[in-house]
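Working notes, structure below.
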Amino acid sequence: MPATSVRCPVLGAHVTRITDFEGVPVRIICAEYEQAGGRCRLKSNALDGGPLSQLLERVEENTLGSRSIRCDLC
C-alpha cells in the first residue's frame, strides 16, 4: 500500500497517509488523529473555546467552509 507524506493544515506539520491501490485513504498516521472516530483532537479542542477562538482556528486552517471535527485528510 502506498504511503505519502502530506501537510496537515491543522497540525501545521506533515503526517503520513496510507492509501489502497485506488488512492482511497486507509490509515492516517498522526499524533492528533483518533482512528476510531476519524476525528482530529486539535479540532475537537478548538471547539472548547469561544466563538472568536473557533473563528481564528478556522481562518488559520483555511477551513472556514467546514465546521467539522473530522480529519480532512481521510
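Annotations
- Single residue of LEU47, LEU56, LEU42 found to be at pLDDT 80 or above, out of contact with any strand residue (DSSP E or B) (no Cβ under 7 Å at 6 or more places or on another chain) and more than 16 Å from MET1 (Cβ to Cβ): LEU42
- Number of residues in the range 1-29 that are without any contact (Cβ under 8 Å) to a residue 24 or more places away in the chain and in contact with a Leu (Cβ under 7 Å, 6 or more places away or on another chain): the value is 0.
- Matching residues in the range 25-39 - criterion: being modelled with pLDDT under 90 and hydrophobic (A, V, I, L, M, F, W, C): ALA36
- Residue selected from the range 1-12 under the condition exposed (fewer than 12 other Cβ atoms within 10 Å of the Cβ) and at pLDDT 90 or above, by the criterion farthest from ARG70 (Cα to Cα): ALA3
- Residue list for the range 38-57, filter: surrounded by 11 or more Cβ atoms within 10 Å (Cβ to Cβ), out of contact with any helix residue (DSSP H, G or I) (no Cβ under 8 Å at 6 or more places or on another chain) and not in a strand (DSSP E or B): GLY38, ARG41, LEU42, SER44, ASN45, LEU55, LEU56
- Among the residues of the range 14-28, those that are assigned to a strand (DSSP E or B) and either within 11 Å of the chain's Cα centre (by Cα) or not aliphatic (A, V, I, L, M) (or both) comprise HIS14, VAL15, THR16, ARG17, THR19, PRO25, ARG27, ILE28.
- Applying the set (1) over 11 Å from CYS74 (Cβ atoms); (2) among the polar types (S, T, N, Q); (3) surrounded by 11 or more Cβ atoms within 10 Å (Cβ to Cβ) to GLN35 leaves exactly one unmet item: (1).
The values are calculated or read from the model by the stated rules, or taken from the named source; none is laboratory data. Being a predicted model, the structure only gives us computed values, none of them experimental. Positions of Cβ are backbone-derived with ideal geometry, glycine not excepted, and every protein chain shown enters the neighbour counts.
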